[in-house]
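Peer 1: Pasting a structure here, questions to come.
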Amino acid sequence: MWGAWAQTAIPPSEGDGSEGSPYIITKAEELEWFRNEVNRDGGDTKACAKLTADIDLKDFCHAADDSKIEKSWEPIGNSNKNYQGTFDRNGKTITNLYINATQAYMGLFGCTYQSTIKNLTVENANVTNTRNNTGILAGKAGFESTLQNIKISETCQIKGGDDTGGIAGKLDGNANNCVNYATVQGIKDVGGLFGYYDRAGNSMTACANYGKVTASSQIAGGLVGYFSGGTIQNCAN
């Protein structure tokens, strides 16, 4: 008999979510709690967190099989509740992210604003979305967001609509030392790192793409699908 595996979100035992005392995330149950805390009505969109262990999401988001029904990951932050905190993966790895969606802004994070996401490797991610703004790390890394020391491994794959990128569907901020190895497919404005790169004054430095990039309609690029403005330095495809 099919059924979803019962998993319960639990609060971290350390930290209060402030910049000086971030929530210490040690397991998937705590990461799901953190997501729920950011997304809930009245939740803390500026909550900060640090990972101190590798996180495996296989029990919290997964394809269907004989023992469980499909469960797609709900991103941290969305178009109504932009994530605005600092999320430090502390050099740790998140594995088995699974998304199968039909709505905009899909990724581990949905929408961010003036946030910092850093020091993370993602492995074994499988992200599919029929709508726009899709990335393995973030659907949209919004105004003045910073992405630093991010690696998307060759074990990942993503297929989205318009504005699809291996790291983020859209970046309106800065990226430093970010690399993508995943296969990236989309419809329009598709990039190995970012589908849409926006705004003069932003910078992308020391970044690289090694993944295959395909757009079924138009505008595909190794680093960026559509370049609206900003500076790209010491990057390679």
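All of the numbers you see were taken from the coordinates with simple rules; none came from a lab. Keep in mind that this is a model prediction, so the values were computed, not measured. Heads up, the Cβs are rebuilt from the backbone with ideal geometry, glycines too, and the neighbour counts pull from every protein chain shown.
Peer 1: Output needed: percent of Cα pairs per 5 Å distance bin for the range 135-221, bins running from 0 to the one holding the longest distance.
Peer 2: Pairs per bin, as whole percents: 4, 18, 29, 27, 16, 5, 0.
Peer 1: Distance from the Cα centre of the range 1-78 to that of the range 106-155, in angstrom?
Peer 2: The range 1-78 and the range 106-155 have Cα centres spaced 16 Å from each other.
Peer 1: Give the residue from SER145, TYR181, PRO75 lying farthest towards the positive end of the charge dipole for the chain; charges sit on Cβ (+1 for Lys and Arg, -1 for Asp and Glu) and the dipole is referred to the Cα centre.
Peer 2: TYR181
Peer 1: Using only DSSP helix segments of four residues or longer, with each worth -39500 (n - 2.57), what per-residue ellipticity at 222 nm results for the chain after dividing by its residue count and rounding to 500?
Peer 2: About -1500 deg cm²/dmol.
Peer 1: Shape of the range 19-66 from its Cα gyration tensor (a ≥ b ≥ c, root eigenvalues): rounded if a/c is under 1.5, otherwise prolate when a/b > b/c, or oblate?
Peer 2: Cα axes put the range 19-66 in the oblate bin.
Peer 1: By its C-alpha gyration tensor, with a ≥ b ≥ c as the square roots of the eigenvalues, how is the range 92-237 shaped: rounded for a/c under 1.5, else prolate for a/b larger than b/c, else oblate?
Peer 2: rounded
Peer 1: Taking the highest mean first, how do the peptides 158-171, 185-198, 120-133 order by number of other beta carbon atoms within 10 angstrom per residue?
Peer 2: 158-171, 185-198, 120-133
Peer 1: In a shell of Cβ-Cβ distance under 12 Å around LEU31, excluding LEU31 itself, what net charge do Lys and Arg (+1) and Asp and Glu (-1) give?
Peer 2: Around LEU31, the charge tally is -3.
Peer 1: Report Rg/Rh for the range 128-169, rounded to two decimals, where Rg is the Cα radius of gyration and Rh the Kirkwood radius.
Peer 2: Across the range 128-169, the Cα-based Rg/Rh ratio is 0.98.
Peer 1: Here is a follow-up. Given the convex hull over the Cα atoms of the range 27-172, what projected area results after averaging over all orientations, in nm²?
Peer 2: If you wrap the Cα atoms of the range 27-172 in a convex hull and average its projections, you get 7.8 nm².
Peer 1: Put +1 on the Cβ of each Lys and Arg and -1 on the Cβ of each Asp and Glu in the chain; which of SER21, LEU223, LEU97 then has its Cα farthest toward the positive end of the dipole?
Peer 2: LEU223
Peer 1: Rounded to the nearest 0.05, what FRET efficiency is calculated for ILE232 and ASP66 with R0 set to 45 Å and r the Cβ-Cβ distance?
Peer 2: Given R0 = 45 Å and the Cβ-Cβ separation, E is 0.45.
Peer 1: Then there's this: If the only charges are +1 at each Lys and Arg Cβ and -1 at each Asp and Glu Cβ, what is the size of the charge dipole of the range 95-237 around the Cα centre, to the nearest 20 debye?
Peer 2: 80
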